[in-house]
Amino acid sequence: MARAEGCFGTDQFNNPANVRVHHEHTAGEILEQTGGRVGAFVAGAGTGGTISGVGRRLKATVPGVQVVLADPVGSALATWVEMGTLGADGAYAVEGIGASEAPQNLHRDVIDSAERVSDEESFAMVKRLVREEGLLVGGSAGTNVVAALRVAARADVDGPVVTVLPDSWDRYRAQPWMCDIVAS
């Protein structure tokens with residue numbers, strides 16, 4: 001379609017510019033806002049660009065930083081991070097993160113560990129973020145926050161734990177889990 005219409009196809013799952021922009025800009029913003037002190041960076045993987053780009057730069061500049069994949073229960077990526085092979089793929093309702101195969105822009109060598117988060121935990125956290133913090137986010141943000149809180153509770157993390165809230169609630173207005181959050 002890009003060739004036929006004269007458009008540029010971003011191909012976010014394979015284009016190294018995706019990783020590069022997060023390496024240069026997202027990681028730069030994190031380093032600036034934390035004064036260069038980060039104990040862990042926690043993020044899910046859709047295209048892989050955020051966790052790979054931010055993770056690589058943090059590893060190069062912050063000694064001892066941990067990079068942790070937040071992955072939905074049912075995704076095969078957590079097993080891939082831990083074992084190097086894709087695990088069994090299951091069903092999950094969180095959208096935008098997790099996969100049955102690793103995208104080219106997801107760099108396993110940058111990731112130290114994975115936290116598996118259930119749909120129920122993710123959506124319960126979305127409800128809290130909407131109601132208690134006024135953050136209009138979706139399921140992948142809930143997954144990231146649940147995983148980040150787990151990592152922050154560990155004794156082996158020295159410094160702030162940083163995550164991103166990569167989605168917005170408006171994409172999910174018609175989803176049953178969002179309807180439950182808004183209605184209750």
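The label point for Asp112 and the one for Gln12, both projected 7 Å from the Cα toward the Cβ, are 2.7 nm apart.
Can you tally the net charge around Val110? Count Lys and Arg as +1, Asp and Glu as -1, for every other residue whose Cβ sits under 9 Å from the Cβ of Val110. Combined, the nearby Lys, Arg, Asp and Glu give +1. With a Förster radius of 30 Å applied to the C-beta separation of Leu165 and Ser100, the computed FRET efficiency comes to 0.75. Helices in the chain that qualify as membrane-span-like (whole DSSP H runs, Cα extent of at least 27 Å along the helix axis, mean Kyte-Doolittle hydropathy of -1.0 or higher) do not occur. Note on Asp156 and Glu120: the extension gain reaches 10.3 nm, defined as 0.36 nm multiplied by sequence separation minus the Cα-Cα distance. Only alpha carbons enter this Debye calculation for segment 81-143, each as an equal point scatterer, and the log10 of I(q)/I(0) it gives at q = 0.15, 0.21, 0.24 Å⁻¹ is -0.57, -0.92, -1.06.
In segment 35-126, the ratio of gyration radius to Kirkwood radius, Rg to Rh, stands at 0.98 when only Cα atoms are counted. Placing unit charges on each Cβ (+1 for Lys and Arg, -1 for Asp and Glu) gives segment 21-137 a dipole about its Cα centre, and among Pro72, Ile51, Tyr92 the Cα reaching farthest toward its positive end belongs to Ile51. Taking only the Cα atoms of segment 1-70, the radius of gyration and Dmax are 14.3, 48 Å. Between amide H atoms placed 1.01 Å from N, distances below 5 Å from Glu115 occur with Leu69, Ala70, Asp71, all of them 5 or more places distant or on a separate chain. The charge dipole of segment 81-135, taken about its Cα centre with unit charges on the Cβ of Lys, Arg, Asp and Glu (plus for the first two, minus for the last two), comes to roughly 140 debye.
Any number yet on Rg/Rh for the chain, C-alpha, Kirkwood?
The Rg/Rh ratio comes out at 0.98.
Highest mean packing first, where packing is the average number of other Cβ atoms within 10 Å per residue, the peptides 53-66, 19-32, 133-146, 36-49 line up as 36-49, 133-146, 53-66, 19-32. Per-residue ellipticity at 222 nm computed for the chain from its helices equals -12000 deg cm²/dmol, with DSSP H segments shorter than 4 residues left out and the rest contributing -39,500 (n - 2.57). Here the chain is treated with +1 on each Lys and Arg Cβ and -1 on each Asp and Glu Cβ, and its dipole about the Cα centre works out to around 260 debye. The ranking of Asp109, Asp11 from fewest to most other beta carbons within 10 Å of each one's beta carbon is Asp109, Asp11.
Between Leu136 and His25, the contour length at 0.36 nm per residue exceeds the alpha carbon distance by 37.6 nm.
FYI, it's all coordinate maths here, none of it is from the lab. In this text, all values refer to a predicted model and were calculated from it rather than measured experimentally. In this analysis, Cβ positions are derived from the backbone assuming ideal geometry, glycine residues included, and neighbour counts consider all displayed protein chains.
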